[in-house]
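Peer 1: Just dropping this structure here.
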Amino acid sequence: MRKIVMTGPGKSEVVDVPMPQMTDDNVLVKVKYTGMCHSEWYPWSVASAGDTFGHETIGVVEKAGKNVSGFAPGDRVSGLGGGGYQEYIVMEPSKMCHVPDGLKDEDAIVEPLACLLSAAMKMPLKTLGDDIAVVGCGYMGLGMISLFKAMGYGNIVAVDLRREALDNAIRAGATETYTPDSLPYEYTLGWKQIGEPDLKRNGHKTDIFGIGFENVMEFTGTESGLRLAGDMVCAHGRLGIGGYHNDGPRNLDYMLWNFKAITTINCHERRIEYEAGLCRRCLDLLSKGIWKFTGMTTNIYEMEEFDQGNRDMETHAGGFIKGAVRC
């Protein structure tokens, strides 16, 4: 079978490798698409020869082990594990889910959807109609906006450097959009707005609870984006960190975060069994129209075009929102 293998930084090739070996307890899946995740862009850009990537797969059951129940050849499936940019993968039944009829393959690449649902559950609204800001409007940020809308958040403020991304955010459900340099003065609570911090308990000169947002979600994966998201949180507000910051340390004004007494929430998910359950829930929400987040896979690449896909993902070339590789 064919598989994408790195030959060095930012360069890959498609090679022939043996079929993966399955047992009586797992399932062999013929991969249709593997979604491209920006968390793998930096590792791709600095890759060593022999590195492999890919964890967002959807396909069709080729063969089920004799101890497996609930899955049969021909079933359309998605889920967690076994991934890779290759024609066949082996999956564990507990990490798999059936794809409902009516959902396109590209819309049912479920692993990133489960990550979004996990993040949303860590940022529940207190009262229907609460405000929230989302910093970063790539694929994950757009999914977060649409999910927050489904959850009942009211005013959803989207922030991104790109005008195209902000136009996408409106379609996803955002009610206000801004570039970082066009944010209203009262939408950030930094030292300039605070003035002289009051630590004497005599009362604040500034309404530190009314400037900024009680709820802010970051999905940039960049130092500047994370810093801006922190600036947008009001005193005793919540900052959800959804961006994957894997390209180096971050230099942040923690003195400001400390003074504002904000709660920071790491919105990544590492509980595999829990996330597998979220995969099933996501596909149910999509198929019932409760979560309106389809049509976002804008770019399909052949396996030989993997490197070009990564370059497009970083530059957002040609209206790129989400890419997938046809395996």
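The values are calculated or read from the model by the stated rules, or taken from the named source; none is laboratory data. As the structure is a computational prediction, the values presented were derived from the model and not from experiment. Using ideal geometry, Cβ is built from the backbone for each residue, glycine included, and neighbour counts are taken over all protein chains shown. What goes into the accessible areas is simple: the full protein's heavy atoms, side chains included, and nothing from ligands, DNA or RNA. Shrake-Rupley method; radii C 1.70, N 1.55, O 1.52, S 1.80 Å.
Peer 1: Please specify each residue of region 311-327 satisfying the condition of being of a type in the set (D, E, K, R) and open to solvent by 60 Å² or more (accessible area, probe 1.4 Å). Steps first, answer last, please.
Peer 2: Of the residues in region 311-327, the ones of a type in the set (D, E, K, R) are 311-312, 314, 322, 326.
Those that are of a type in the set (D, E, K, R) and open to solvent by 60 Å² or more (accessible area, probe 1.4 Å): Arg311, Glu314, Arg326.
Peer 1: Same structure, new question: Can you name the condition, by its number, that Val29 falls short on among (1) free of Cβ contacts under 8 Å to residues at least 24 places away in the same chain; (2) open to solvent by less than 30 Å² (accessible area, probe 1.4 Å); (3) of a type in the set (A, V, I, L, M)?
Peer 2: The number of the failed condition is (1).
Peer 1: Also, quick follow-up: Tell me yes or no: at least one residue of region 306-317 is closer than 22 Å to Leu183 by Cβ, aromatic (Phe, Trp, Tyr) and assigned to a helix (DSSP H, G or I).
Peer 2: Quick first cut of region 306-317, residues closer than 22 Å to Leu183 by Cβ only: 316.
Subsequent filtering for residues that are aromatic (Phe, Trp, Tyr) retains none.
No, region 306-317 contains no residue that is closer than 22 Å to Leu183 by Cβ, aromatic (Phe, Trp, Tyr) and assigned to a helix (DSSP H, G or I).
Peer 1: Scan (1) of a type in the set (A, V, I, L, M, F, W, C); (2) closer than 22 Å to Glu302 by Cα; (3) more than 22 Å from the chain's Cα centre (by Cα) for the single condition Phe71 breaks and write down its number.
Peer 2: (2)
Peer 1: Taking region 127-144 as the search range and keeping residues that are in contact (Cβ under 8 Å) with a residue 60 or more places away in the chain and farther than 23 Å from Leu283 by Cα, which one is surrounded by the fewest Cβ atoms within 10 Å (Cβ to Cβ)? If you could, list the steps in order and put the result at the bottom.
Peer 2: Taking region 127-144 as the starting set, the residues that turn out to be in contact (Cβ under 8 Å) with a residue 60 or more places away in the chain are 130-144.
Still in the list and also farther than 23 Å from Leu283 by Cα: 130-136.
Numbers: Asp130: 18, Asp131: 16, Ile132: 24, Ala133: 28, Val134: 31, Val135: 30, Gly136: 26.
Checked region 127-144; the qualifying residue surrounded by the fewest Cβ atoms within 10 Å (Cβ to Cβ) is Asp131.
Peer 1: Considering only region 162-186, state which residues are free of Cβ contacts under 8 Å to residues at least 60 places away in the same chain, touching a Gly at 6+ places or on another chain (Cβ under 9 Å) and closer than 30 Å to Leu285 by Cβ.
Peer 2: If the condition is that a residue be free of Cβ contacts under 8 Å to residues at least 60 places away in the same chain, touching a Gly at 6+ places or on another chain (Cβ under 9 Å) and closer than 30 Å to Leu285 by Cβ, then Ala169, Thr175 are the ones that fit.
Peer 1: Among the residues of region 212-248, which ones are among the small types (Gly, Ala, Ser) and open to solvent by less than 50 Å² (accessible area, probe 1.4 Å)?
Peer 2: Initially, region 212-248 is screened for residues among the small types (Gly, Ala, Ser), giving 212, 221, 224-225, 229-230, 235, 237, 240, 242-243, 248.
Residues satisfying the conditions are Gly212, Gly221, Gly225, Ala229, Gly230, Ala235, Gly237, Gly240, Gly242, Gly243, Gly248.
Peer 1: Now for a separate question. Which residues, counting only those in region 284-310, are open to solvent by 50 Å² or more (accessible area, probe 1.4 Å) and either touching a residue at least 40 places away in the same chain (Cβ under 8 Å) or touching a Phe, Trp or Tyr at 6+ places or on another chain (Cβ under 8 Å) (or both)? Walk me through it before giving the result.
Peer 2: Here is the first cut: in region 284-310, the residues open to solvent by 50 Å² or more (accessible area, probe 1.4 Å) are 284, 287-288, 290, 292, 294-295, 298, 300, 302, 304-305, 308.
Result: Asp284, Ser287, Ile290, Lys292, Thr294, Gly295, Thr298, Ile300, Glu304, Gln308.
Peer 1: State all residues of region 249-269 that are surrounded by 15 or more Cβ atoms within 10 Å (Cβ to Cβ), aliphatic (A, V, I, L, M) and either assigned to a helix (DSSP H, G or I) or modelled with pLDDT under 95 (or both); if no residue qualifies, say none.
Peer 2: The one that is surrounded by 15 or more Cβ atoms within 10 Å (Cβ to Cβ), aliphatic (A, V, I, L, M) and either assigned to a helix (DSSP H, G or I) or modelled with pLDDT under 95 (or both): Leu256.
Peer 1: Just to be sure I understand, how many residues within region 145-161 are crowded, with 22+ Cβ neighbours inside 10 Å, in a helix (DSSP H, G or I) and touching a strand residue (DSSP E or B) at 6+ places or on another chain (Cβ under 9 Å)?
Peer 2: Going through region 145-161 one residue at a time, the tally reaches 2.
Peer 1: Please work out which residue is farthest from Asn168 (Cα to Cα), limiting yourself to region 272-305 and to residues that are small (Gly, Ala, Ser) and not in a helix (DSSP H, G or I). Spell out how you get there, then give the answer.
Peer 2: Let us first name the residues in region 272-305 that are small (Gly, Ala, Ser), namely 276-277, 287, 289, 295.
Filter again for not in a helix (DSSP H, G or I), leaving 289, 295.
Details: Gly289: 19, Gly295: 12 Å.
Ranking the candidates gives Gly289 first.
Peer 1: Out of the residues in region 184-207 that are aliphatic (A, V, I, L, M) and crowded, with 17+ Cβ neighbours inside 10 Å, which is farthest from Met232 (Cα to Cα)? Walk me through it before giving the result.
Peer 2: Going through region 184-207, the residues aliphatic (A, V, I, L, M) turn out to be 189, 194, 199.
Keeping just the survivors that are crowded, with 17+ Cβ neighbours inside 10 Å gives 189, 194.
On the way: Leu189: 6, Ile194: 13 Å.
Restricting to residues being aliphatic (A, V, I, L, M) and crowded, with 17+ Cβ neighbours inside 10 Å, the top hit is Ile194.
Peer 1: Could you please find all residues in region 38-81 being within 26 Å of Phe320 (Cα to Cα), in a loop (DSSP other than H, G, I, E, B) and either open to solvent by 30 Å² or more (accessible area, probe 1.4 Å) or of a type in the set (Val, Ile, Thr) (or both)?
Peer 2: Val46, Asp51, Thr52, Phe53, His55, Gly81
Peer 1: In region 9-23, how many are closer than 12 Å to Tyr85 by Cα, of a type outside the set (Asp, Glu) and open to solvent by 50 Å² or more (accessible area, probe 1.4 Å)?
Peer 2: Total meeting the criteria: 0.
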